[in-house]
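To keep things clear, I will list the structure first and then write my remarks on it.
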Amino acid sequence: MVEVTTPPAVPTGSDNASAAVGISIKNLYKVFGPTPDLYIDAVRQGMSKQELHDKHGHVLGLRDINIDMPGGAIQVVMGLSGSGKSTLIRHINRLIDPTAGELWVGDQDVITMNPRQLLRFRRERTAMVFQNFALFPHLTVLENTEYGLQIQHVARKKRRESALRWIERVGLKGYEASYPNQLSGGMQQRVGLARALTNDAPILLMDEAFSALDPLIRSDMQSILLDLQQELGKTIVFITHDLEEALRLGDRIAILRDGEVVQQGTGQQIVLKPANDYISSFVKDVNRGRVIRCRTLMTSGAGVEGPTVDASLVIEEAARLLSSEGKDVANVVNSKGKVVGSISMSDIIAAMVPPISDPHV
């Protein structure tokens, strides 16, 4: 049995992570309908989504959501259509009000904010990237990118400097004067990302942001996001229905079904220890070599003669290194370069193939 260890909540290499703000969702419920308060107690006591709809004409959006999202990390919320994932992310900036529960961003209770506080919170503390890009067709790339700062009444010179910087960072230098209809889908999404980053908000909300893109462009956007996150250390909430995307991006993952969290944890924990058959059906075809980290598989102890791999490296990359150097074992080092154990090629191969006795296979 592979022992699963929980990695640090904040991604290694993020200089801003210590100042990042976390999100805490507590006992959150959402019932859609004309009189949701009449049925919240029944939902708390276990009334099913089907009964609520068929007998009372209300729809259960979320039931008893409890998720702590660490500051400076990428929290992925994953689920199929109708699972409640987009409903959940819209509670964070209160585009949707809950029926019951708490939602804390740092030491601020978003649920109790008055309209003025909420407006300021949305403008200064959060930025959102949408699946359909949500660009203004009559504005140029530069004008779209600086729009968030414009409505905050930031001086023109300052907001333009910031917008130009992020346009270049996302690879769109030279397209500042172009309009959205002159850009490909991937380029439009880069504009959306640049606009969100220009706001310099500590929280980035991404609702199926890459789902409309072709696979190669989607992979490219994922790489851009991960590279930027290493530098910026923002708190990112990323919504997706794609497990491969969730595993690639997420420091932590919460999987929703019918408005409820069915499992949450690191990608390794979900792949190696699925909570039930529903989760097992998601992870059965996952390439474990791209999910399991060396720190999970290593044997603790003194160093050995051989190459060195970082503890956070996925075992597929470790296997590639060992193979290229013709070695059977490597040292595993932590973020400070200290040897914390070793990992062998035979252990890597065994971990990449689920054992026949695994009841979830």
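Every number here is computed from the coordinates shown, using simple stated rules; none is lab data. If you're wondering where the values come from, they're calculated on a predicted model, not measured in any experiment. Positions of Cβ are backbone-derived with ideal geometry, glycine not excepted, and every protein chain shown enters the neighbour counts.
Would you mind pulling out the separation of the Cα centroids of the range 152-207 and the range 260-296, in Å? Cα centres, the range 152-207 to the range 260-296: 35 Å. Within the chain, the longest run free of exposed loop sites, counting GluC sites (Glu not before Pro) that sit outside DSSP helix and strand states (H, G, I, E, B) and have at most 14 other Cβ atoms within 10 Å, spans 4-304. The antiparallel fraction among DSSP beta bridges confined to the chain stands at about 55%.
Sort HIS58, HIS53 so that the residue with the fewest other Cβ atoms within 10 Å of its own Cβ comes first and the one with the most comes last. If you can, show how the numbers build up before the last one.
Numbers: HIS58 22, HIS53 14.
Ordered from fewest to most neighbouring Cβ atoms within 10 Å, HIS58, HIS53 come out as HIS53, HIS58.
If a spin label sat at a point 7 angstrom from the Cα of ALA42 along the line to its beta carbon, the backbone N atoms of the range 59-95 nearer than 13 Å would be those of 59-60. Applying 1/(1 + (r/R0)^6) with r as the Cβ-Cβ distance of SER219 and ILE151 and R0 = 30 angstrom yields a FRET efficiency of 0.35. Ordered by the number of other Cβ atoms lying within 10 Å of each residue's own Cβ, fewest first, ARG165, ARG160, ARG252, ARG290 fall into the sequence ARG165, ARG290, ARG160, ARG252.
Each eigenvalue of the Cα gyration tensor of the range 87-190, multiplied by 5 and square-rooted, gives one semi-axis; in descending order these are 30, 16, 11 Å. Applying the Karplus relation 6.51 cos²θ - 1.76 cosθ + 1.60 with θ = phi - 60° to the range 24-36 yields 3J(HN,Hα) values of 10, 9, 10, 6, 8, 10, 9, 10, 8, x, x, 9, x Hz, where x marks Gly and Pro.
Listed values for the range 46-55 are Karplus-derived 3J(HN,Hα) couplings in whole Hz (6.51 cos²θ - 1.76 cosθ + 1.60, θ = phi - 60°), namely x, 4, 6, 4, 5, 5, 4, 6, 5, 8, and x replaces Gly and Pro.
Rg and Dmax of the range 68-109, based on Cα coordinates, read 11.3, 32 Å. Secondary structure note: in the range 289-352, about 75% of the DSSP beta bridges are antiparallel.
In whole percents, the pair-distance distribution calculated for the range 289-352 from its alpha-carbon pairs, binned every 5 Å from zero, is 4, 23, 36, 26, 11, 1. Counting every C-alpha pair in the chain, the share spaced more than 34 angstrom apart comes to 34%. In order along the range 312-323, the Karplus-derived 3J(HN,Hα) couplings, from 6.51 cos²θ - 1.76 cosθ + 1.60 at θ = phi - 60°, round to 7, 5, 6, 5, 4, 5, 5, 5, 5, 5, 4, 5 Hz, and Gly and Pro are given as x.
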